Amino acid sequence: MRRREFIVLITGVIGLMLIAFLSSSAIAEQPPQDGCVAVPKSQYDSAKKQNLLSNRFGMYVRTGRFLRRYYWYCH
């Protein structure tokens, strides 16, 4: 009986790991438009603090849902 419980447990753990991996890579955020590159949150926050989210060279864009944000710099 113990071996069967162990196999069920391992199968469940592997299944959960596969679901988490596949859902995270399948829902990867795409750039909002061509010419956008991903930037770190700290760079976006720095530009926001300096009032530089939009200038003549490009603009910073924040996309995504609550608790899952993506930051971009678009030329």
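Taken together, the values in this text are just the output of simple stated rules run on the coordinates, not laboratory data. Because the structure is a prediction, the values reported are computed rather than measured. For neighbour counting, all protein chains shown are included, and Cβ atoms are generated from backbone atoms with ideal geometry for every residue, glycine included.
Compute the helix-to-body angle for 2-26: its Cα long axis versus the longest principal axis of the chain, expressed 0 to 90° and rounded to tens.
20
Tell me what the chain gives for mean residue ellipticity at 222 nm when only DSSP H runs of n ≥ 4 count, each as -39,500 (n - 2.57), the sum divided by the residue total, rounded to 500 deg cm²/dmol.
When only DSSP H runs of four or more count, the value is -15000 deg cm²/dmol.
Regarding region 31-75, what's the average projected area of the Cα-atom convex hull, expressed in nm²?
3.1
List, in order, the whole-Hz ³J(HN,Hα) value for each residue of region 44-49 obtained from phi through the Karplus relation with A = 6.51, B = -1.76, C = 1.60 and θ = phi - 60°; use x for Gly and Pro.
Each residue's phi maps through the Karplus curve to give 4, 5, 5, 5, 5, 5 Hz.
For the chain, which semi-axes, largest first and in whole Å, follow from the square roots of 5 times the eigenvalues of its Cα gyration tensor?
43, 12, 7
Less than 11 Å Cβ to Cβ from Y71, Lys/Arg counted +1 and Asp/Glu -1: what total charge do the surrounding residues give?
Neighbour charge sum, excluding Y71 itself: +2.
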